[in-house]
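Trainee: Below are the structure tokens for one structure; questions will follow.
Laboratory data are not the source of any read-out in this text; all were calculated from the coordinates shown. Note that the structure is a prediction, hence the values are computed from the model and not measured. Counting neighbours? That spans all protein chains shown, and the Cβs are built from the backbone with ideal geometry, glycine included.
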């Protein structure tokens, strides 16, 4: 994926952490703007956050090598010009390499961040953007960003989203009550049995190996609800008025299954932040889901929900090109394969 046409022509381009494996491209022309742009560099564990501060200081003070962009046309401006007429600069976060790799562009105008543009060239990545577009269209305005524009850009597809100003949540457990409330299933008049629920029916059809797990959820009807699919502290922002809104809905479903987001949130923090064993994480996630569900789930139901959450994450990452023998994939497989 060539970033030249996605950045302003003749701008001085810097990348982080280094040119050999760039993760972030900056085009800000002033120290303050580069400091602000570099905040997009992802870091959540304590050591990673300290490293990010170091990188941001180097970028702001121009200690990083600079390359003048040789592109003659800024295709991003062509795509968003009528919507963001005073577009000044962009910072690009490069996604994980693989079939679903994409780029996330933070777009700046004279007043600050004016929007986010997701860009994908590969078929699997375009499919992710199309799915996110449909999920966002079904969301209440209070849950996530708004879709501003969707269509062809350069050699790929672009999804322009409104800007949400806020800070990611701290990755602590248990989360605050406001976070738990945010992750609860959205009120729905539709209830369905496991046999007829659209999400579990999809799981049955695509992955027959999960049949026994789904059988543990028989005996009641379940809400058909919005499912984020990757609920984690880094995908939920707290705004200045103390509201919560979620970003990155590409794994989501407008007709999803309840409590999967609760389970996924806990599993992600225990895996990626605290590095807990899959056995401990599964037990803690089951306890958390059962304690925070209404009506309360039985232990066997909570365990099935946690296993489904781990399985869903595993399959999504497999589709994104992560190998089955990757450490985190082995961890997730332990969670969903083992029966209590």
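Trainee: Using a Gaussian network for the chain with springs between C-alpha atoms less than 10 Å apart, which of these wobbles most: 253, 137, 100?
Mentor: Maximum among the listed residues: 137.
Trainee: While we're here: Can you give the angle from 0 to 90° between the axis of helix 327-337 and the longest principal axis of the chain, with both taken from C-alpha atoms, to the nearest 10?
Mentor: Between the helix axis and the principal axis of the chain, the angle is about 20 degrees.
Trainee: I've got another one for you. Suppose a student asked you for the relative contact order of the stretch 167-337, using Cα pairs under 8 Å spaced at least 6 residues apart; what percent would you report? Present the calculation step by step, with values, prior to reporting the outcome.
Mentor: Numbers: 260 pairs, mean separation 37.2, N = 171.
Relative contact order, the stretch 167-337: 22 percent.
Trainee: Angle between the Cα long axis of helix 46-60 and the longest principal axis of the chain, 0 to 90 degrees, nearest 10?
Mentor: Helix 46-60 and the main axis of the chain meet at about 20 degrees.
Trainee: Direction-averaged shadow area of the convex hull around the Cα atoms of the stretch 4-163, nm²?
Mentor: Details: hull surface 39.3 nm².
Directional mean of the projected Cα hull area for the stretch 4-163 stands at 9.8 nm².
Trainee: How large is Rg over Rh for the chain, taking Rg from the Cα atoms and Rh as the Kirkwood inverse mean of 1/r across Cα pairs? Walk me through the intermediate numbers first.
Mentor: Working: Rg = 20.8 Å, Rh = 21.2 Å.
So for the chain, dividing Rg by the Kirkwood Rh gives 0.98.
Trainee: Over 17 Å apart: what share of the alpha carbon pairs of the stretch 10-105 falls there, rounded to a whole percent?
Mentor: Numbers: 2461 of 4560 pairs.
Counting every Cα pair in the stretch 10-105, those more than 17 Å apart make up 54 percent.
Trainee: Can you tell me which of 173, 160, 214 moves the most in a GNM of the chain? Springs connect C-alpha atoms under 10 Å apart.
Mentor: Largest GNM mean-square fluctuation: 173.
Trainee: Tell me the angle of helix 123-138 to the major Cα principal axis of the chain, expressed in degrees between 0 and 90 and rounded to the nearest ten.
Mentor: Once rounded, one gets 70 degrees.
Trainee: With springs only between Cα atoms under 10 Å apart, run a GNM on the chain and tell me which of 41, 51, 251 wobbles the most.
Mentor: Most flexible of the set in this elastic network: 51.
Trainee: At 222 nm, what value in deg cm²/dmol follows for the chain if DSSP H runs of at least 4 each add -39500 (n - 2.57) and the sum is divided by all its residues, to the nearest 500? Mind dumping the intermediate values first?
Mentor: Numbers: 11 runs with 120 residues, N = 340.
Dividing the helical sum by the residues of the chain leaves -10500 deg cm²/dmol.
Trainee: If contacts are Cα pairs under 8 angstrom and at least 6 residues apart, what is the relative contact order of the chain in percent? Intermediate results must be reported in sequence, preceding the final value.
Mentor: Values: 617 pairs, mean separation 43.7, N = 340.
13 percent.
Trainee: Can you give me the C-alpha center-to-center distance between the stretch 170-189 and the stretch 248-327, rounded to a whole angstrom?
Mentor: What the calculation gives is 14 Å, centre to centre.
Trainee: Let me ask something additional. If we count other beta carbons within 10 Å of each Cβ, what is the order of 19, 163, fewest first?
Mentor: Ranked by crowding around the Cβ, least crowded first: 19, 163.
Trainee: What relative contact order, as a whole-number percentage, does the stretch 4-163 give when Cα pairs under 8 Å and 6 or more residues apart are counted? Each step should come with its number before you reach the end.
Mentor: Details: 297 pairs, mean separation 31.4, N = 160.
Reported as a whole number, the value is 20 percent.
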